[in-house]
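Comments concern the structure below.
The values are calculated or read from the model by the stated rules, or taken from the named source; none is laboratory data. All values derive from a computational prediction rather than experimental measurement. Glycine gets a Cβ as well: all are built from the backbone with ideal geometry, and neighbour counts include every protein chain shown. Each accessible area value is taken on the protein alone, full model and side chains, heavy atoms only, with ligands, DNA and RNA left out. Shrake-Rupley method; radii C 1.70, N 1.55, O 1.52, S 1.80 Å.
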Amino acid sequence: MARCLSFTGSADFLYRSFFSYSGLRSVKTDLHDGTTMHCWVPKSHKQSKPNLLLVHGFGANAMWQYGELLRHMMPRFNIYVPDLLFFGESTTERPERSEAFQAQCVMRLMEAHGVRKMSLVGISYGGFVGYSMAAQFPEAVEKVVLCCTGVCLEEKDLKDGLFEVADVDEAANILMPQTPAKLRELMKFAFVKPVKAVPSCFLSDYIDVFCTDHVAQKRELIQALIKDRQLSKIPKLEQPTLIIWGEQDKIFPLELGHRLRRHVGDNAKLEIIKNAGHAMNIEKPREFAKHLKSFLVGSSSSRHKSLFWGSP
C-alpha cells in the first residue's frame, strides 16, 4: 500500500516556500574539517541593515520555530537562520558535543558569509549556543536575546528536584520522542494549553520527519549540557541582554530565568510572558515579537533609527 501523504512534510515544504518568498535562500557551507553547516541567508545582503542571527532549539526545525517572526524582522535586519549540528542539514564528523563547539561552528559559518557583527536570538538549546557565542566572541556579538534557556542550571539541580524529570535520560526521552505517547508528554511540558485529541497517525508522522535522525548524537548534546555544569564556571556576558521566559515553563522553570538575570547582572533585563510555557514563541508570537522589536530595534543606534521606525 502506498504511503499516505505526510502532513508534516507538506507543512515543512510550505515553510521552505515561505522562507524563500520572504527573501532568504538555503545554503550549505563546508567548514573543511568534516563539518557542514546549513543556513538560510539573505538573497540580497543590505549594508544599511544590521545582522540578526536566529538560533533554534530542540523540536521542529528552525523554520517552524522562527517562521512567525520573519515578517516582523525581515524589513529591519539581514536575517540568518542556521541549522545547528545534527539538526536539519548540518552535520559533523568531529567528536565534540558541547555548546561551545556549536557556537564556534556557527561563528565560522557567519564569517564564511562575510558577517563580522551581529545580534542574536537563541531559543532553549539555541540560547545555550547563543550565550556561548556571545561569551567567546564579544567583539562580534552586539546584543543577545535568550529565550527560555537554562544556561544557569547546574548538574545538582536534577537531584535537588528543580525539574519535573528525574535525570538526563528521562529528559532526552521527552525531548526526542520516539512514540506518540512521548510526543504528547512533550506537548504537555512545552505548552500551557496543548492541543488535545491529536490522532496518533499525525504524531507518528511528525516523529518520522523530525525525531528519527541523529538520535544518539542529540542525546550526547543533552548530556554535554548537564555534565559537571556549575554556575561558578559560566562566564558573564558584557553585551546588553534580554531574557524572555514563559511564566509557566515546565522544561526550564522560571527560577532559571531569574537566576540568569542575576548572573548576567546590570546588562540583563527579564521579560516574563504570562499564560505561556516553554514554547512561548509559538503560544504568544505577538508578545514575543514585541519584546524583540523593543529591545533590538528600539535601542538601535541613531544611524539606523530612521530606517527602522519608518518601516512597517
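For MET187, the solvent-accessible surface computed with a 1.4 Å probe is close to 30 Å², ligands and nucleic acids excluded. Largest first, the residues TRP40, TRP64 sort by 1.4 Å accessible area into TRP64, TRP40. The accessible-area ordering, largest first, of the residues ILE272, ILE79 stands as ILE272, ILE79, per a 1.4 angstrom probe.
Note on the chain: helix-only mean residue ellipticity at 222 nm, from DSSP H runs of 4+ residues weighted -39500 (n - 2.57) and normalised by residue number, equals -12500 deg cm²/dmol. With a Förster radius of 35 Å applied to the C-beta separation of GLU247 and GLU155, the computed FRET efficiency comes to 0.85.
Rounded, prolate or oblate: which fits the chain when a ≥ b ≥ c are the square roots of the eigenvalues of the alpha-carbon gyration tensor, with rounded for a/c under 1.5 and prolate only if a/b beats b/c? Rounded, since a/c falls under 1.5.
Shown are GLU89, GLU139, GLU154, whose ranking by accessible area with a 1.4 Å probe and every protein chain present, most to least, is GLU139, GLU89, GLU154. If you run the Gaussian network model on the chain, springs between alpha carbon atoms under 10 Å, then out of ALA197, ALA62, ALA11 the most flexible one is ALA197. You can think of it this way: the chain between TYR21 and SER48 has 7.6 nm of extra reach, that is 0.36 nm per residue less the Cα-Cα gap. By DSSP, the beta bridges lying fully in the chain are antiparallel in about 35 percent of cases. For the chain, relative contact order (Cα pairs under 8 Å, six or more residues apart, normalised by length) works out to 18 percent. Build a GNM of the chain with springs between Cα atoms under 10 Å: which of PRO95, PRO235, PRO253 gets the top mean-square fluctuation? Highest fluctuation of the listed residues: PRO95. In the complete set of protein chains, residue-level accessible area for ASP160 is approximately 100 Å², probe 1.4 angstrom. Only the Cβ atoms of Lys and Arg (+1) and of Asp and Glu (-1) were treated as charged; on that basis the dipole of segment 63-122 about its Cα centre amounts to roughly 300 debye.
Solvent exposure of segment 3-151 amounts to 37 Å² per residue of accessible area, where only protein heavy atoms count and the probe is 1.4 Å. Annotation for GLN223 and ASP266: the two label points, set 7 Å from Cα along the Cα-Cβ direction, are 4.3 nm apart. Our summary gives segment 82-213 a relative contact order of 15 percent, counting only alpha carbon pairs under 8 angstrom and 6 or more residues apart. Carbon-plus-sulfur accessible fraction, the chain (probe radius 1.4 Å, protein heavy atoms only): 53%. The gain in end-to-end length when the GLU255 to LYS290 segment is fully stretched comes to 10.3 nm, 0.36 nm per residue minus the alpha carbon separation. Over segment 165-312, accessible surface divided per residue gives 53 Å², non-protein components excluded, 1.4 Å probe.
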